[in-house]
Amino acid sequence: MTVDHGSKENNAQIETLALRICSAFQGIEADVLVVSRSLSLTEKALAKKVGVQDVERVRLSIWSEWPEHARQTMTQAATVLFSNSDAIRGFAFDQYVVLKFSAFEPTLLAHELRHVTQWEQYGNRFEYMTEYIRQIIESGYRNSFFERDARAFESFAK
């Protein structure tokens, strides 16, 4: 799917992509639960510093590779949103933080935990993802509100 980055009339395309991303994650959610863990005390303290309300609910999963059965949708989403699927070092989906082992660092964890805060504030997976995609398409990844907000909290890990 190609989303017209210059058009404001792309709601159906954005919602379709948001639905695909939500569906892809739901497809791997059980896998994430099996290989994830609760946050350590240090990670919980960081989560609280970046605004996470329910730190006991957060699950962290560190993978050497992205799951094969979600790779196609993740690659498609990354191509639309970032122009490069290799750009994804980690992501947050609701209370789940999934990071690539090779990219794990405290500032990335703080960034993704801030996205967990955003998910908590938004309350609905589909609506958050739709707005996240809309912002990236309209403002670009670096300039989207959610990404600027998450970057502002990376320093909390230092």
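Observations, loosely collected:
- In sequence order, the range 20-29 has phi-based couplings of 5, 5, 4, 5, 4, 5, 4, x, 10, 4 Hz under the Karplus curve 6.51 cos²θ - 1.76 cosθ + 1.60, θ = phi - 60°, and Gly or Pro positions carry x.
- Estimated FRET transfer efficiency when R0 is 22 angstrom, pair residue 41-residue 101 (beta carbons, to 0.05): 0.55
- Sequence-distant residues sharing a close amide H with residue 63 (under 5 Å, placed H): 99, 100, 101
Only the coordinates and a few stated rules stand behind these numbers; no lab work does. Keep in mind the model is a prediction, meaning the values are calculated, not measured. Ideal geometry is used to build each Cβ from the backbone, glycine not excepted, and the neighbour counts take in all protein chains shown.
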